[in-house]
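Please read the structure below before turning to the comments.
The values are calculated or read from the model by the stated rules, or taken from the named source; none is laboratory data. As the structure is a computational prediction, the values presented were derived from the model and not from experiment. Glycine also receives a Cβ, built like all others from the backbone with ideal geometry; neighbour counts cover every protein chain displayed. The protein model used for the area step is the full one, side chains on, heavy atoms only, and it has no ligands, DNA or RNA in it. Shrake-Rupley method; radii C 1.70, N 1.55, O 1.52, S 1.80 Å.
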Amino acid sequence: MTVLQVEGLAKSFGGVAAVQGVSFAVEAGHLLALIGPNGAGKTTCFNMLNGQLAPDRGSVRLDGREIVGLKPRQIWRLGVGRTFQITATFGSMTVRENVQVALISHHRRTLGLWPRARDLYRAEAEALLARVGMADQAERAAAVLAYGDLKRLELAVALANTPRLLLMDEPTAGMAPRERVELMALVAGIVRVEGIAVLFTEHDMDVVFAHADRIIVLNRGELIADGVPAQVRADPRVQQVYLGGGTTFGHG
Ligand SMILES: Nc1ncnc2c1ncn2[C@@H]1O[C@H](COP(=O)(O)OP(=O)(O)OP(=O)(O)O)[C@@H](O)[C@H]1O
Ligand SMILES: [Mg+2]
């Protein structure tokens, strides 16, 4: 089932054509990697998908519904989550409280009730923390978490909104290589079971080739490849872009 369908998406900044008529789709339960050199237009694409940036042209459909023109908040309500923005967590609250706040927000309760809300969605929050392997850290302050644990908390916060689509812009940035593969393995395990579609960008090709169901490649705003990992790895245009930029694919 197609969750996200993007057609002819385009955006220029002054004279720079950051994204030039890009089309692709993401299926439920699949991970689609969006790769390309620095400045290729990946983040610009993400910003158009979640409503932060208005495209010059093109269509973005979520479960068949056009979302271009909607505000970020409305798009979030429709089930588009964006993970791994560090500032999304409240450091002074515990790990569990962070997930409870996300659940309350999802269920549209007001934060004015917070002093009495200690037990609101507590069991649901604990269940989500268990899914990301954070059950034993529920009572710790988010501010003291190790970086990898913070990423797992952020994943639980994103899942609290029961997303249809997760947008992850460089989810493993700043992590050690082994932690990166583990984080994406956790994400992949959860989204495949839940049928959540994932679009992620990633500079670590080991992570991309370990977990992506499909890969699309942007270069200077243009989509130059779209296929399963083996196809993309063998694509001469892709190899030229990566070898030319001094980056090579992992695993030969
Ligand atoms: N707000 C903006 N104003 C002007 N130019 C911009 C703006 N945002 C992006 N650009 C330009 O658009 C192009 C694409 O940038 P973008 O950040 O989307 O690339 P990226 O693929 O995410 O790169 P990276 O891998 O470094 O994160 C670049 O040439 C960039 O300088
Ligand atoms: Mg970027």
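What to note about this one:
- Accessible-area composition of segment 159-207, carbon plus sulfur, in percent [1.4 Å probe]: 53
- Arg214 - accessible surface, heavy atoms, 1.4 Å probe, Å² rounded to 10: 90
- Extension gain, Arg140 back to Asp56 (0.36 nm per residue minus Cα-Cα distance, nm): 25.8 nm
- Degrees between helix 122-131 axis and first principal axis of the chain (Cα, 0 to 90, nearest 10): 40
- Ordered by 1.4 Å accessible area with all protein chains kept, His211, His107 run largest first as His107, His211.
- Over the chain: helical MRE at 222 nm, DSSP H runs n ≥ 4 each giving -39500 (n - 2.57), nearest 500: -10500 deg cm²/dmol
- Heavy-atom surface of segment 28-107, accessible at 1.4 Å and reported per residue (Å²): 42
- Net charge of neighbours whose Cβ lies under 14 Å from the Cβ of Val80, counting Lys and Arg as +1 and Asp and Glu as -1: +4
- Overall form of segment 129-180 per C-alpha gyration tensor (a/c, 1.5; a/b vs b/c): oblate
- Given their separation in residues at 0.36 nm each and the Cα-Cα distance between them, Arg77 and Ala230 gain 51.5 nm when the chain is fully extended.
- Point-charge dipole on Cβ atoms (K/R +1, D/E -1) for the chain, about Cα centre, debye to 20: 680
- Treating r as the C-beta distance of Ala210 and Glu126 and R0 as 35 Å, the FRET efficiency rounds to 0.75.
- Among Glu124, Glu97, Glu222: highest mean-square fluctuation, GNM of the chain, C-alpha pairs under 10 Å: Glu124
- Note on the chain: Rg/Rh from C-alpha atoms, Kirkwood Rh, equals 0.98.
- Which of Asn161, Met175, Leu150, positive extreme of dipole for segment 127-252 (C-beta unit charges): Asn161
- Per residue, in Å², the accessible surface of segment 122-252 once ligands and nucleic acids are set aside, probe 1.4 Å: 43
- Accessible area (Å², 1.4 Å probe, nearest 10) - Leu218: 0
- Eigen-decomposition of the gyration tensor built on the alpha-carbon atoms of segment 96-241 gives equivalent ellipsoid semi-axes of 35, 16, 13 angstrom, largest listed first.
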